[in-house]
Amino acid sequence: MLWCYDKQNIAERKIFDQMYCTVDRPIIITDLNEKIIAVNTSWVNMCKFTAEEAFGNTPKLLQGELTNVESALNFSMTIRGGLTSSITSIVNYKKDGSKFLNNIIGWHLGDILIAETMSELPIIGD
């Protein structure tokens, strides 16, 4: 896992790193302002953005013409509520512009928001 802030989320990092140090699924972590603070190697491989390109951006960098923005917003709001995890499927875009159906689950842990891709399905053509 790569973290971009040295001093933030120390307690959450320790818990997260213990739980997910060997997870092969793509994971993205944001702060409460939805700024990306961490991604794992699987996320970099899936989305084609480097960790440095992702840091400080929001997950909107994966959105495009076919992304259902309302579904993305509902997903984010449910996670922010902190009462439950949220599951959604939205069309996202990789750095190279290719589309994929991103089936994700997200949850709130302390002052971070976590989204894990459960499956990725390429979308061919329009």
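Those strands (runs of 3 or more DSSP E) of segment 32-126 in which at least 3 residues are surrounded by fewer than 19 Cβ atoms within 10 Å (Cβ to Cβ), considering only elements entirely within it, cover 86-93, 99-109, 112-122.
Is it true that VAL44 is within 10 Å of the chain's Cα centre (by Cα) and of a type outside the set (D, E, K, R)? Spell out how you get there, then give the answer.
On the way: within 10 Å of the chain's Cα centre (by Cα): no; of a type outside the set (D, E, K, R): yes.
In short, no.
For segment 60-112, the candidate set comprises residues that are under 14 Å from the mean Cα position of the chain (by Cα) and among the basic types (Lys, Arg); within that set, the residue that is farthest from ILE123 (Cα to Cα) is ARG80. Kindly check whether there is at least one residue in segment 56-70 that is modelled with pLDDT under 95 and under 22 Å from PHE100 (Cβ atoms). For segment 56-70, residues modelled with pLDDT under 95 and under 22 Å from PHE100 (Cβ atoms): absent.
If you filter segment 9-41 down to residues that are within 12 Å of the chain's Cα centre (by Cα) and among the basic types (Lys, Arg), you find that the one that is modelled with the lowest pLDDT is ARG25. Annotation: LYS95 fulfils all but one of (1) within 13 Å of ILE27 (Cα to Cα); (2) in contact (Cβ under 8 Å) with a residue 40 or more places away in the chain; the unmet one is (1).
The values are calculated or read from the model by the stated rules, or taken from the named source; none is laboratory data. This structure is a prediction, so every number in the text was calculated from the model and none was measured. Counting neighbours? That spans all protein chains shown, and the Cβs are built from the backbone with ideal geometry, glycine included.
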